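The values are calculated or read from the model by the stated rules, or taken from the named source; none is laboratory data. All values reported here derive from a predicted model rather than from experimental measurement. Note that each Cβ is placed from the backbone with ideal geometry, even for glycine, and that neighbours are counted across all protein chains shown. For the accessible areas, the whole protein counts, side chains as well, though only heavy atoms, and no ligand, DNA or RNA atoms are used. Shrake-Rupley method; radii C 1.70, N 1.55, O 1.52, S 1.80 Å.
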Amino acid sequence: MLVTSSDPANTRHLAAVNVDAVIWIPEIEEALWPAIRSARVAGTLNAIAAAFDDCDDLPLPLRTALAVACRSTRPVRSVGRLAHTVGRDRSSLWRLWDRHIGSPQIRLTDFLGWVILLRCASHKAPGRKWLAVCTELGTNPEHLGRLAKRLMGCTLRDLTVGGPAFVLRHFAHHVLQPLLGPRLQQIAANCNTLLVDESTHGR
């Protein structure tokens, strides 16, 4: 993350700089905290992906697919797209999930939905419409609203108020704990940091 002035010289040099976000100094008050929050959610999802990488009791194609879904900055919206990304067919991923997860309460498509909710919640900033967030991340508010209702029993208004910490608490309880068990401790520090920061800074 880079904070800099928006003069022409700095703008020209940005093409050679590899950063997650650029914050212009005049916009720092309104833009810095949302950018930090988004970066921390990305870090948490990367930690979740690493936990799946090390999850030897899951078959390699399945844990690779789950890790890829977590690491994708533009959320994967369907099992078919995920299968294409990792070079598998959709039915084989479904079979692996059903065989090794075997929980009717947690479907593979639901796992992808949780990641979409978390990514979108992390990009929502005060004054920014859900339409802009969803357009950036390749979805739409109607789809996001259906996911929020089905997976969390809440509305987009609730999601705005709760922020990514609200999603993460439910994701950890309903999905990560059953899937990762003790490995969930590997990401506890990232999750706790996010939860504390959300309560400190608000949404």
Using the structure shown, decide if residue 110 is open to solvent by 40 Å² or more (accessible area, probe 1.4 Å), closer than 22 Å to residue 83 by Cα and at pLDDT 90 or above. no
Can you name the helices (runs of 4 or more DSSP H) wholly within region 8-91 that have at least 1 residues being modelled with pLDDT of 90 or more, open to solvent by 40 Å² or more (accessible area, probe 1.4 Å) and within 26 Å of residue 117 (Cβ to Cβ)? 28-53, 60-71, 79-85
Region 116-135: number of residues that are out of contact with any helix residue (DSSP H, G or I) (no Cβ under 7 Å at 6 or more places or on another chain) and either among the hydrophobic types (A, V, I, L, M, F, W, C) or crowded, with 16+ Cβ neighbours inside 10 Å (or both): 1
Can you say whether residue 113 is without any contact (Cβ under 8 Å) to a residue 40 or more places away in the chain, of a type in the set (Gly, Ala, Ser) and assigned to a loop (DSSP other than H, G, I, E, B), as far as the supplied structure shows? no
Note down all Cβ pairs under 8 Å where the first residue falls in region 66-95 and is within 21 Å of residue 38 (Cβ to Cβ), the second is in a loop (DSSP other than H, G, I, E, B) and β-branched (Val, Ile, Thr), and they're at least six residues apart or on different chains. 68/76; 68/86; 69/76; 75/139; 77/139
